[in-house]
Amino acid sequence: MGLDPAELAMLTDALRRTMSRASGPELVDALGELGWPQLLDDAPELAVPLVFRLLGETGAHGPFLLDVLRHAGATPSALPFAGGRWVEWGDPLPAGGADASEPGSGSTGSGSAGAGADGSGGSGAGVNGTGSDAIGSDAISSDADSTGASESGASEPGSVDEALPLRAAAAGTTLPAHALAEGRRALGWWLLGTGHAMLTLARTHVLERTQFGRPLASFQAVRHRLAETLVALDGAEAALLIADETADAARNTDDAPATHGLDPAEAAVHAALLAKAAAGQAGLTAAKHCQQVLGGIGFTAEHALQSHIRRTLVLDGLLGSTRELTREAGAYIRSAGAAPRLAQL
């Protein structure tokens, strides 16, 4: 499916406006009316980056990752999460319960990504750390046992991202490599959009607020943190674009010769792994720096930053965390004795 720039701009605007006012089941219905299933079937190379990046930028959510996995030929019942755990995307609470689309409602959450009831491992814990280990999904997965799923399927209070209807699962089925790669690329675009949303909030804050009679944006330390965030996000976007190109080549090439020791399908799997790791690291970097730039106001539950931080923590853990994927890539390089070249720079 080919769209000219004007058509793409119209579609993007329609999706953004829809996601800004709807989330959860309402968004599923709305995107269905806009043709999301048909777009995914006809042009996945366009649909996935566009929809998932906008999910991150707007803070909306829906089970669209499951659509991507099914389109790739998988039948996901549970999804792998950081620390060898499994989660499943459940239904929101029945009518009359808390609104599953409202952050902080306590109605649903990620059981396997949950933090303790005392808040340990939650969005505020570790945010002031100096590295990704202080805020990554691996750092919170050890607290998951204190926030499991109840028998009714709804997560108990204390989950990291209570807006997402994820709950702990005892076990799951390993996804095919191709489907796993498709899901990781989708999550990478979701993380990228969330990172840009955090950067926008922080940039707006420093442009509007003053300290000691000077705009916050004039302080060098603040500018450095925002610049580091932008560099991380741009690097992740480059990795995702390469992963998309590699996946598109694998879809449209039959019996292509191996390149640098990898056939197109293998190259797509490795590119998706690295892109998800880069996007996860960029999201964690954005969460850390933007939290510090926003200061005390950024710690409040009422500020929009907190919902994006919680979303980043959960998305980083789904289908392999940044730390786990980096280790997996390193293990492959050690066993192969070389690093495959996935892009010509």
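Overview of values
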item: Per-residue ³J(HN,Hα) for region 188-202, Karplus 6.51 cos²θ - 1.76 cosθ + 1.60, θ = phi - 60°, Hz, x for Gly and Pro; result: x, 5, 5, 5, 4, x, 5, x, 5, 5, 5, 5, 5, 4, 5
item: Cα radius of gyration and Dmax for region 298-345 (Å); result: 16.8, 50
item: Probe 1.4 Å, accessible area per residue of region 204-345, Å²; result: 50
item: Where labels lie 7 Å past Cα in the beta-carbon direction, separation of M10 and R209 in nm; result: 4.2
item: Per-residue ³J(HN,Hα) for region 22-34, Karplus 6.51 cos²θ - 1.76 cosθ + 1.60, θ = phi - 60°, Hz, x for Gly and Pro; result: 9, 7, x, x, 4, 5, 4, 5, 5, 6, x, 5, 7
item: Over region 193-345: Kirkwood hydrodynamic radius from C-alpha pairwise inverse distances, Å; result: 17.2
item: For peptides 327-338, 49-60, sequence by mean Cβ density within 10 Å, most packed first; result: 49-60, 327-338
item: H303 accessible area, 1.4 Å probe, all protein chains in place, Å² to nearest 10; result: 40
item: Mean separation of Cα contacts under 8 Å, 6 or more apart, over the residue count of region 197-320: relative contact order %; result: 31
item: Per residue accessible area in Å² of region 5-80, where ligands, DNA and RNA are left out and the probe is 1.4 Å; result: 44
item: Carbon plus sulfur fraction of accessible area for region 192-345, probe 1.4 Å, in percent; result: 55
item: Residue-level accessible surface for R223, protein heavy atoms, 1.4 Å, Å²; result: 140
item: Sequence-distant residues sharing a close amide H with V87 (under 5 Å, placed H); result: L79, F81, A169
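The values are calculated or read from the model by the stated rules, or taken from the named source; none is laboratory data. Everything quoted here is computed from the prediction, not taken from an experiment. All Cβ positions, even for glycine, are placed from backbone atoms using ideal geometry, and neighbour counts span all protein chains on display. Note: areas computed on protein heavy atoms with side chains; ligands, DNA, RNA excluded. Shrake-Rupley method; radii C 1.70, N 1.55, O 1.52, S 1.80 Å.
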